[in-house]
Every structure is written in structure tokens, then in C-alpha cells.
Amino acid sequence: MTSKTTVLYFGIQKGGAAKSTTAAATAYILAKRGQKVLAIDLDSQGNLTNLLSEHDDIYEYSGRTALEAMKSVEANGEELVSNYVHPVSEGIDLMPSEDFMATLSRWLYREFERNYPGKNPGLVLRGALEKILRVRPYDFVVIDSPPSLGDQSINGMAAATHIVSLFEPSKFCLDALPRFFETVYHVRQQLNPNLQVAGILATMVEKRRADAQLLLETLAEDDEYGPLLFAQRIYRRAATGRLNLQGFVENRELRRAIQEYEQFTEELLQRL
Ligand SMILES: Nc1ncnc2c1ncn2[C@@H]1O[C@H](COP(=O)(O)OP(=O)(O)OP(=O)(O)O)[C@@H](O)[C@H]1O
Ligand SMILES: [Mg+2]
């Protein structure tokens with residue numbers, strides 16, 4: 001990977017933990033600070049695509065998504081950029097996703113392995129990204145991932161320089177953390193020795209719920225995970241929830257929606 005580019009992977013296999021919201025807000029804030037950002041959507045739900053592109057219809061990009069970019073194993077950087085990287089706003093380009101992203105594993109094990117024996121199916125995105133970065137040296141790449149630990153996650157982690165784990169204070173999310181980090185360390189060992197953990201961001205925190213506070217305290221006191229928690233927390237608020245309706249352009253509530261994310265981004269940059 002080009003040493004200048006920071007590649008952030010946002011993940012946790014628990015659904016609805018604000019992965020896509022956080023990836024979109026971080027991309028937006030970095031771009032506003034003058035950084036060149038490539039956002040990559042690896043989730044077949046296409047939520048990051050939706051949040052950043054202002055297209056309500058993710059099928060707008062059918063056939064020109066991150067999946068096809070990964071399948072274009074022999075394409076060069078220029079071809080990848082012109083076919084699969086779409087400018088969406090000032091400073092942000094997008095490699096989008098839609099339903100067919102769900103067929104990645106089938107393609108990897110039925111076709112890729114047969115056609116490219118000896119090549120690792122976990123390094124397909126990394127291969128494409130390296131070629132893209134040679135022709136477009138982005139400052140940051142922001143990767144949104146699906147609520148599972150499958151081939152999209154492995155490929156995303158293998159292409160990343162840093163992991164940001166989301167933690168929405170619930171028992172299921174607490175249960176998800178050990179398996180998530182097991183996967184991170186597995187990818188580091190097998191595919192990406194320089195992979196670093198940037199931290200764990202608590203999201204959707206509800207001030208008035210004692211059980212949520214207790215779960216957060218449990219995590220904060222944990223020897224392994226506690227030191228990874230970002231000091232900034234993202235609280236559950238209507239303005240943040242409505243980002244998916246109002247978007248980042250001409251959203252009158254934008255300041256309230258992203259204030260906490262600005263602090264988080266600041267803290268993240270200090271940790272890199
Ligand atoms: N701080 C917040 N306050 C209120 N609502 C939020 C907040 N963060 C996210 N949401 C809302 O919660 C829902 C889940 O968020 P999001 O889609 O970002 O999570 P996710 O982890 O990407 O989900 P999935 O696992 O399905 O990909 C969305 O409707 C989003 O708008
Ligand atoms: Mg999501």
C-alpha cells in the first residue's frame with residue numbers, strides 16, 4: 001500500500017452499530033478538512049453508497065461497483081478508476097455497492113480460485129486498491145463493512161492500515177467483540193502484518209439507560225478493550241439518525257449531527 005495513504009476499516013459483525021453512519025461522517029469530515037478520500041462500500045445493503053452519493057437508488061451503479069472492481073483482477077489502475085470509482089462530492093470518490101456484493105464468496109471460490117491458482121482470495125481488494133492508489137494517491141480510504149465476518153470483511157481488513165471497531169452498548173455487541181478482534185489478528189497474521197487497531201468507538205449511546213452505561217463501564221474496565229476506547233462517544237440523537245434521510249448537503253441539522261464525529265475524527269487522527 002502507498003505509505004502515504006491511511007486506509008480505515010470500520011467494522012463489527014453486530015448489525016446496526018453505526019458502521020455506515022460513522023464511515024460516511026468520517027469521510028465527509030476528512031474531505032472537509034481538505035483530504036482526498038476514497039470511500040469503499042463492501043456491504044450489499046449499499047448504505048454507505050446511499051449516504052454519500054445522494055442517489056436514493058443504489059442500483060444506479062449496477063455493474064460499476066466495488067464487486068466488479070474486485071473481479072477485474074487483470075485491469076490496470078486507470079481502468080479501475082474510470083469504471084468503478086465515482087466522484088460523489090467535493091473531495092470524496094466512491095466505490096459503491098449493491099445486492100450483488102453478496103455473491104463475492106461464490107465468485108471467489110468458484111471462479112477466482114480456479115482461474116488464479118495460488119492467489120489468495122483474501123487479497124483481492126488489496127490488489128485492486130494498490131493499483132488504484134498508484135494512479136490516484138488518496139490521503140484516506142474509508143471502508144464500510146457488512147454485519148458479518150466473511151470474505152468482504154477479510155478483504156477489507158487485508159486492504160486496511162487501521163481498524164476502527166464500533167461498539168453499540170448492548171450485550172450482543174459486547175459478545176461480538178472477541179470474535180471481531182480474533183478475525184483482525186488472524187488477518188494481521190496471515191495477510192497484512194502492518195495492520196493496526198486504531199480503537200473502539202462507542203456509538204448510539206443512550207445517556208438515560210443504566211444498562212447501556214453499565215455495558216460501557218464493563219468495556220472501559222476490560223484490560224484488553226478498555227484502553228482501545230475513544231474518549232469521544234457518539235450519543236443516540238435524532239439529528240444523527242436522520243443523516244440517512246437528509247444527507248450531508250443542505251442538511252440544516254448537519255452541525256448537530258456531526259459535532260461528536262468531528263471530535264472523534266480529531267482523536268482518530270492523533271492516534272494514527
Ligand atoms: N448516533 C445515532 N443516533 C441515532 N440514530 C443513529 C445513530 N447512529 C446511527 N443511527 C441510525 O441507526 C441505524 C443503524 O445505523 P447504521 O446503518 O450506520 O449501522 P450499521 O452498523 O452500518 O448497520 P448494518 O450492520 O446494517 O450495516 C440507521 O438507521 C442510522 O441512521
Ligand atoms: Mg451498515
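The values are calculated or read from the model by the stated rules, or taken from the named source; none is laboratory data. Since this is a predicted model, take the numbers as computed values, not measurements. Glycine gets a Cβ as well: all are built from the backbone with ideal geometry, and neighbour counts include every protein chain shown. When the accessible area is computed, the model is the full protein with side chains, heavy atoms only, and any ligands, DNA or RNA have been set aside. Shrake-Rupley method; radii C 1.70, N 1.55, O 1.52, S 1.80 Å.
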So for the range 8-61, what are the equivalent ellipsoid semi-axes in whole Å, largest first, each being the square root of 5 times an eigenvalue of the Cα gyration tensor? 18, 16, 9
Give the Kirkwood hydrodynamic radius (Å, one decimal) of the range 1-106, defined as one over the mean of 1/r across all pairs of different Cα atoms. 14.2
What is the chain's relative contact order, in percent, from Cα pairs under 8 angstrom and six or more apart in sequence? 26
Pseudo-spin-label distance Ala220 to Lys4, built 7 Å along Cα→Cβ, given in nm, is 4.0
Tell me, what is the percent relative contact order of the range 106-217, built from C-alpha pairs under 8 Å that lie six or more residues apart? 26
Please enumerate, by chain and number, the lysines with C-alpha under 18 Å from the C-alpha of Lys71, excluding those fewer than 8 residues away in the same chain. Lys119, Lys131
Note down the accessible area of Met70, probe 1.4 Å, to the nearest 10 Å². 0
Using 0.36 nm per residue of separation minus the Cα-Cα distance, give me the extension gain between Gln196 and Asn115 in nm, one decimal. 26.0 nm
Restricting to the chain, compute how many DSSP beta bridges are antiparallel as a %, nearest 5. 10
Which value, in debye to the nearest 20, gives the size of the charge dipole of the range 6-271 about its Cα centre, when Lys and Arg are +1 and Asp and Glu are -1 at the Cβ? 220
Cβ-defined net charge surrounding Leu245, 13 Å radius [Lys, Arg +1; Asp, Glu -1]: -2
Tell me the mean residue ellipticity at 222 nm calculated for the chain from its helices only (DSSP H runs of n ≥ 4, each -39500 (n - 2.57), averaged over every residue, nearest 500). -12500 deg cm²/dmol
Longest segment of the chain lacking GluC sites (Glu not before Pro) that sit in a DSSP loop with at most 15 other Cβ atoms within 10 Å: 91-205
Please work out whether the range 118-171 counts as rounded, prolate or oblate from its C-alpha gyration tensor, where a ≥ b ≥ c are the square roots of the eigenvalues and a/c under 1.5 means rounded, while otherwise a/b larger than b/c means prolate and anything else oblate? oblate
Row for the range 185-272, column shape: gyration tensor on C-alpha, a ≥ b ≥ c, rounded if a/c < 1.5 i.e. under 1.5, prolate if a/b over b/c, else oblate; value oblate
Exposure rule at most 11 other beta-carbon atoms within 10 Å, DSSP loop trypsin sites (Lys or Arg not before Pro): the chain longest free segment: 5-206
Averaging over all projection directions, find the projected area of the Cα convex hull of the range 57-168 and quote it in nm² with one decimal place. 7.8
Using only the alpha carbons, work out the radius of gyration and Dmax of the chain in angstrom. 17.7, 55
